[in-house]
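The values are calculated or read from the model by the stated rules, or taken from the named source; none is laboratory data. All of these numbers come straight from a predicted model, not from anything done at the bench. Cβ sites come from the backbone with ideal geometry, for glycine too, and all protein chains shown count toward neighbours.
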Amino acid sequence: MFSGTSGCNGVKMSPSLFNFVDAKDKFTASARNALIGKTSKPLVNAFNQFPGHEAEKKTTFDQALRGVLGDQIVEQKANCDEYLSLIYLSIDAVTEGICSATTPFLLLGDVLDCLPLDQCDRIFSFVEKNVSTWKSNSFYTAGKNYLLRMCNDLLRRLSKSQNTVFCGRIQLFLARLFPLSEKSGLNLQSQFNLENITVFNKNEQESTLGLKHTEEKEDGMEVEEGEMGEDDAPAPCSIPIDYNLYRKFWTLQDYFRNPVQCYDKFSWMTFLKFSEETLAVFKSFKLDDMQASKRKLEELRASGEDVYFAKFLTNEKLMDLQLSDSNFRRHILLQYLILFQYLKGQVKFKSSSCVLHDDQSAWIEETTKLVYQLLKEIPPDGDKFATMVEHILNTEENWNGWKNEGCPSFVKERTVDDKPKRPTRKRQAPEDFLGKGPDAKIFMGNDELTRLWNLHHDNMDACKSDSREFMPSLDEFFTEAIEQADPTNMVEDEYKVVRNPNYGWRALRLLSRRSPHFFQPTNQKFKSLADYLDSMVSKLAKELPKDIPSEEIKTGEEDDDDNGDNLLKDSNDSPSIQSKMVTNQQMDDLAAKLGAEWKALASHLEMKAAEMREIETDSEDVDMQAKLLLVAWQDREGAQATVESLVAALNSAGFSQIADCLNEA
């Protein structure tokens, strides 16, 4: 009798091979039919009818969909709606479980890579509308990295000055897609875009400011938005607009680009001088005092159009027009407020040298009030705009505090106390039904148990009494061992108490509770427990009271003790190392000394490989990577992040010199 898996000769038959070409042709034909009928039923039927393993059919189905899209792109006959129909079809296929969850994102990436920017705008509108689909459980894990890569590729193709709105839509989409706690989208180290350099004329000889222009504007010349017409010409400014003012005004953009410069003494003096002159121009050259066109202000209110400044125009001829533009003034004044907030704020990764002096803080406070006053004076709706800006900056303080705390989750777990408690039936204690009153006697079943139970009215308090402290002190327990260690007593090694295993076990338990020598790291190796106890006895003999005759004890470890093992003495003379937390300055110094060797310390601080990779991703600077390692260790350990534990980790990692420097500090 033969089994079903055997042939006539009893030989096991091999399973049939999956025919990839036939499967792809069949799936491709079903995909084209599904596009015509705008339904996914042909896809499901073709998938279920074709024999083969499910994983193989899914892979083939993915290739078939990408092949159909490739044919549409090559033929150049399809429009955006047909591309989107195929992507909708792939989403339905993922829901039906007949293709991989990454397929819709691969199709989106292929389409955006092959289309011009005007059609990419339509495709991205589809991506924006389906953000709830991308965040669902079926798609988010598989597609978040594809979407991020797709958006970054689009941003590289777009111009920030020409496609400002499109770039902003992409950034808002990413903010909606990823949760707030996604650290890849957070500027944790408060880094600045130092590539945003404002270019202006720095050669005074090439300047045209101060020259009298006799050319009149051409008749019918169109006035650009933000400029003033001939009838709207500004009143003469009390401070002349010359090249000196032009240079100082645009030089301030470098401080807004990199605020860290303000902590330098000489850079701060330059910033202070240039700011005072610029704000003096704003203060004296008020828009309320200009012969402003009421018609233009009304049109601005009625249109409701937003004005975008992707990049400042620094042409000298536009200087007087820019000073007359309300939006331009608001941009500059808002830059001041953002800069002041950074200088005054507490940023976790800010260097310890970035500290404001009292006179700097006072100037910032006064100038902040002046900036808000100037914002209120700028039409239209100056008071409303200033109030809104102040509210936004106050909210930003909360976000800075959240980042400084390590971006904790916004979802708080319900504590045990908040859970509804079930009504429980409490079992009565013997005191509730036996022996009432202070002199009542509780019977426990026999005389001895009854006597023991009634020795005290509260047995738990009796167990905590000082009279039940049976642990001996170090001098009481080691007196005999210290006397035997004295060479003048001539006690042979085999008769010493440290050779007794019972004594050794009790000595170890006592040392772990009473002596810090037990936890002190040492490079000395011991062959047996008795040798270790001999070493400990010699150390204790020097520190215990002088009435014990231990001053003549001489062992081989006396030199080691002189090199810093006398921990009890140090602990009496100076504050305990255990109570010292690692300061920010110590971490800065330690990070500078570790440099590229911080990975050798990471394993001794029990950092995981994933955390180390995250540190390498956050910064390319090795000193900053070392600082991030120490900060992550401090955040994880909390109150246990002491100098002592860090010194122990440095010693075990082979950084003994750095550990000594940290100990001395």
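Does residue 424 satisfy being farther than 30 Å from residue 584 by Cα and modelled with pLDDT of 80 or more?
no
Which numbered condition trips up residue 645, out of (1) without any contact (Cβ under 8 Å) to a residue 12 or more places away in the chain; (2) over 28 Å from residue 407 (Cα atoms)?
(2)
Condition test on residue 477, is it within 30 Å of residue 504 (Cβ to Cβ), out of contact with any strand residue (DSSP E or B) (no Cβ under 7 Å at 6 or more places or on another chain), surrounded by 11 or more Cβ atoms within 10 Å (Cβ to Cβ) and aromatic (Phe, Trp, Tyr)?
So residue 477 fits the description; yes.
What are the pairs, 6+ residues apart or on separate chains, where a residue within the stretch 145-174 that is assigned to a helix (DSSP H, G or I) has its Cβ under 7 Å from a residue that is surrounded by fewer than 16 Cβ atoms within 10 Å (Cβ to Cβ) and of a type in the set (Lys, Arg)?
The qualifying pairs are 167/160.
Name the residues in the stretch 586-617 that are under 12 Å from residue 630 (Cβ atoms) and in contact (Cβ under 8 Å) with a residue 40 or more places away in the chain, would you?
Residues satisfying the conditions are 586, 587, 588, 589, 590, 593, 594, 601, 605.
Filtering the stretch 282-331 down to residues that are in a loop (DSSP other than H, G, I, E, B) and at pLDDT 85 or above, which residue is surrounded by the most Cβ atoms within 10 Å (Cβ to Cβ)?
Among residues in the stretch 282-331 that are in a loop (DSSP other than H, G, I, E, B) and at pLDDT 85 or above, the one surrounded by the most Cβ atoms within 10 Å (Cβ to Cβ) is 324.
Restricting attention to the stretch 591-644, and to residues there that are within 19 Å of residue 352 (Cβ to Cβ) and of a type in the set (D, E, K, R), which single residue is surrounded by the most Cβ atoms within 10 Å (Cβ to Cβ)?
Here is the first cut: in the stretch 591-644, the ones within 19 Å of residue 352 (Cβ to Cβ) are 591-595, 598, 619, 621-635, 641, 643.
Now restrict to residues that are of a type in the set (D, E, K, R): 593, 621, 623, 627, 635.
Numbers: 593: 17, 621: 13, 623: 16, 627: 24, 635: 12.
It comes out as 627.
Kindly list the number of the only condition in (1) in contact with a Ser or Thr (Cβ under 8 Å, 6 or more places away or on another chain); (2) surrounded by fewer than 17 Cβ atoms within 10 Å (Cβ to Cβ); (3) farther than 17 Å from residue 113 by Cβ that fails for residue 62.
That leaves (2) as the condition not met.
Name the residue that is nearest to the chain's Cα centre (by Cα), counting only residues in the stretch 39-57 that are crowded, with 18+ Cβ neighbours inside 10 Å and assigned to a helix (DSSP H, G or I).
Only one residue tops the list, namely 57.
Counting just the residues of the stretch 481-492 that are assigned to a helix (DSSP H, G or I) and in contact (Cβ under 8 Å) with a residue 12 or more places away in the chain, which one comes out surrounded by the most Cβ atoms within 10 Å (Cβ to Cβ)?
Pass one, the stretch 481-492, residues assigned to a helix (DSSP H, G or I): 481-485, 487-489.
From the residues that got through so far, the ones that are in contact (Cβ under 8 Å) with a residue 12 or more places away in the chain too are 481-485, 487-488.
On the way: 481: 20, 482: 19, 483: 18, 484: 19, 485: 22, 487: 10, 488: 9.
Restricting to residues being assigned to a helix (DSSP H, G or I) and in contact (Cβ under 8 Å) with a residue 12 or more places away in the chain, the top hit is 485.
Got at least one residue in the stretch 112-127 being aromatic (Phe, Trp, Tyr), in a loop (DSSP other than H, G, I, E, B) and assigned by TED's automatic domain parsing to the domain that holds residue 70?
Checked the stretch 112-127: no residue is aromatic (Phe, Trp, Tyr), in a loop (DSSP other than H, G, I, E, B) and assigned by TED's automatic domain parsing to the domain that holds residue 70.
Considering only the stretch 99-106, I want to know if a residue exists there that is touching a Ser or Thr at 6+ places or on another chain (Cβ under 8 Å), assigned to a helix (DSSP H, G or I), surrounded by 22 or more Cβ atoms within 10 Å (Cβ to Cβ) and among the hydroxyl-bearing types (Ser, Thr, Tyr).
yes
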